[in-house]
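Visitor: This is the structure I have questions about; it appears just below.
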Amino acid sequence: MLAIISDVHGNLAALEAVLSDIQSRRVERIICLGDLVGYGPDPVECLVAARSFDLVLLGNHEEAVLTGAVDFNSRAEMAVNWTRQHLKNDAEAKEHMKFLRKLLTRCEEGNLSFVHGSPRDPTREYIYPGHARDTERMSEIFALIKHFCFVGHTHTPGVFTSEGEYVHPTALPAGVCVFHKDKALINVGSVGQPRDDDPRACYVTFDGDSAVFRRVKYDIKKTVKKIYETAELADSLGSRLLFGK
Ligand code: ZN
């Protein structure tokens, strides 16, 4: 069984809670779809934890740390600049930058593909629930998918089908999606900054036939406090965590 996580965003309390949930299950491999850093107060700790994952992909926030922020709003850009500086000031700065530079933008394994945003534009394109009915967009995207494609980036979990459907996990029985022959695009949600009105950390386990969307409670206030204490991280980056916005 795979555990697929994404968008940790420097939220160590959320990552630790998810990793301990993963440990309680029969998970063989942990795959991270990028955005380990950015927004949150613990980028170093999250990068160090990710060294033990089986696969880590490049997200737009890692890309921004490496090459500069493009199309970021001002609070996101400030957070990226703070993250870069914070990593560079760390005793293991070289290792962190080496780790970031080695990240791949996509990975294919048999009929599975993994990417941060979209198979068309791995780190940049957002596939929002509202896009499900955009036939042209979705048929181009599905043409690039062998069978199952796992993405993150929007921080909104759910399943997209080639039939033009989007299903949020709350509309699935017990958050479980059983797949048949049709292709599917699965957004695994966000560990460290969920935006679907549920503040709990989100991730997915996948056994080849079914995906289970898992929600994990964590000490949100611990992360919020650290954000409030860091001048370069906007307070709103903390308060949004309380509401899953
Ligand atoms: Zn993200």
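The values are calculated or read from the model by the stated rules, or taken from the named source; none is laboratory data. Computed from a predicted model, the values in this text were never measured in an experiment. Note that each Cβ is placed from the backbone with ideal geometry, even for glycine, and that neighbours are counted across all protein chains shown.
Visitor: Checking the condition surrounded by fewer than 22 Cβ atoms within 10 Å (Cβ to Cβ) and either closer than 27 Å to Phe142 by Cβ or in contact with a helix residue (DSSP H, G or I) (Cβ under 9 Å, 6 or more places away or on another chain) (or both), which residue from Leu104, Leu15 passes?
Guide: On inspection, the qualifying residue turns out to be Leu104.
Visitor: Check Lys146, Lys183 and return the single one that is away from the ligand (no atom under 16 Å from the Cβ), more than 18 Å from Arg133 (Cα to Cα) and of a type in the set (Lys, Arg).
Guide: None of the others qualify; the one that does is Lys146.
Visitor: Give me the residue from region 227-245 that is within 22 Å of the chain's Cα centre (by Cα) and farther than 17 Å from Asp197 by Cα and, out of that set, surrounded by the fewest Cβ atoms within 10 Å (Cβ to Cβ).
Guide: Looking at residues that are within 22 Å of the chain's Cα centre (by Cα) and farther than 17 Å from Asp197 by Cα, I get Asp235.
Visitor: Let me ask something additional. Are there any helices (runs of 4 or more DSSP H) wholly within region 1-92 with 3 or more residues that are modelled with pLDDT of 95 or more and polar (S, T, N, Q), and if so which?
Guide: So the answer is 74-89.
Visitor: Follow-up. Could you list all residues from region 111-132 that are over 15 Å from Leu58 (Cα atoms) and either modelled with pLDDT of 95 or more or under 19 Å from the mean Cα position of the chain (by Cα) (or both)?
Guide: Leu112, Ile127, Tyr128, Pro129, Gly130, His131, Ala132
Visitor: When you go through Asp7, Asp71 one by one, which is the residue that is loosely packed, with under 13 Cβ neighbours inside 10 Å and within 15 Å of the ligand (Cβ to nearest atom)?
Guide: Answer to the selection: Asp71.
For every residue, the table says whether it meets (1) free of Cβ contacts under 8 Å to residues at least 40 places away in the same chain; (2) under 23 Å from Leu58 (Cα atoms); (3) crowded, with 17+ Cβ neighbours inside 10 Å.
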site	(1), (2), (3)
His147	yes, yes, no
Phe150	no, yes, yes
Pro157	no, yes, yes
His168	yes, no, yes
Gly175	no, no, yes
Ser210	yes, no, no
Lys225	yes, no, no
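Visitor: For region 86-99, does any single residue satisfy the condition of being in contact with a Lys or Arg (Cβ under 7 Å, 6 or more places away or on another chain), more than 16 Å from the ligand (Cβ to nearest atom) and among the acidic types (Asp, Glu)?
Guide: No, region 86-99 contains no residue that is in contact with a Lys or Arg (Cβ under 7 Å, 6 or more places away or on another chain), more than 16 Å from the ligand (Cβ to nearest atom) and among the acidic types (Asp, Glu).
Visitor: Something else now. Do we find that Ser118 is of a type in the set (Ser, Thr, Tyr) and either surrounded by fewer than 22 Cβ atoms within 10 Å (Cβ to Cβ) or more than 23 Å from Val188 (Cα to Cα) (or both) in this structure?
Guide: no
Visitor: One residue is enough: does region 93-115 have a residue meeting the conditions outside any helix (DSSP H, G or I), touching a residue at least 60 places away in the same chain (Cβ under 8 Å) and in contact with a Pro (Cβ under 6 Å, 6 or more places away or on another chain)?
Guide: yes
Visitor: Please state which one of Val56, Val37 is crowded, with 19+ Cβ neighbours inside 10 Å and within 13 Å of the ligand (Cβ to nearest atom).
Guide: After ruling out the rest, the residue left standing is Val37.
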